[in-house]
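The values are calculated or read from the model by the stated rules, or taken from the named source; none is laboratory data. Keep in mind it's a predicted model, so treat the numbers as computed, not measured. Reconstructed Cβ throughout: ideal geometry from the backbone, glycine too, with neighbour counts over all protein chains shown.
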Amino acid sequence: MNAASATMTVQAIEQHCKLLRLPTVGVQFETLAQQALRDKQTPISYLEALLSAEVEDREKRTIERRLREARLPRLKTLEEFDFTQTKAVTAPQMAAVWPKHAELRHVHHVVGPEQNPE
């Protein structure tokens, strides 16, 4: 296949992907095809990798879209918290109990008045 023919083929694939609404396939098919050749993958393995990339990207975009549509308040970090607005807890107190490990940072801490069970 000569360079002009290869360019026309790439353009045709990109156009097909656009019409079929497969944006990730259209962007990644060349890169994944080159990788498949290097790794001596079968055509089925290449197709699976290409379709998996499309599915993952769609899932990611769906989540992002749903979060935008939900209009949830923006996520805030502990570093953004204004400790001058509360007397119940200070920044050093919170830093002492806040998880140091990144995988535990999703844990939410609720700070409220101390309750005395009677």
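Only residues that are in a helix (DSSP H, G or I) and either surrounded by 11 or more Cβ atoms within 10 Å (Cβ to Cβ) or not assigned by TED's automatic domain parsing to the domain that holds Arg21 (or both) were counted in the range 31-54, giving 15.
Given the criteria exposed (fewer than 10 other Cβ atoms within 10 Å of the Cβ), assigned to a helix (DSSP H, G or I) and either touching a residue at least 12 places away in the same chain (Cβ under 8 Å) or within 23 Å of the chain's Cα centre (by Cα) (or both), does Arg61 qualify?
In short, no.
Residues in the range 8-33 that are among the polar types (S, T, N, Q) and over 20 Å from the mean Cα position of the chain (by Cα): Thr9, Gln11, Gln15, Thr31. Among the residues making up the range 32-62, those that are of a type in the set (D, E, K, R) and within 18 Å of Arg21 (Cα to Cα) are Glu48, Glu54, Glu56, Asp57, Arg58, Glu59, Lys60, Arg61. Scanning the range 64-91 for residues that are surrounded by fewer than 10 Cβ atoms within 10 Å (Cβ to Cβ) and either touching a helix residue (DSSP H, G or I) at 6+ places or on another chain (Cβ under 9 Å) or small (Gly, Ala, Ser) (or both) yields a single hit, Ala70.
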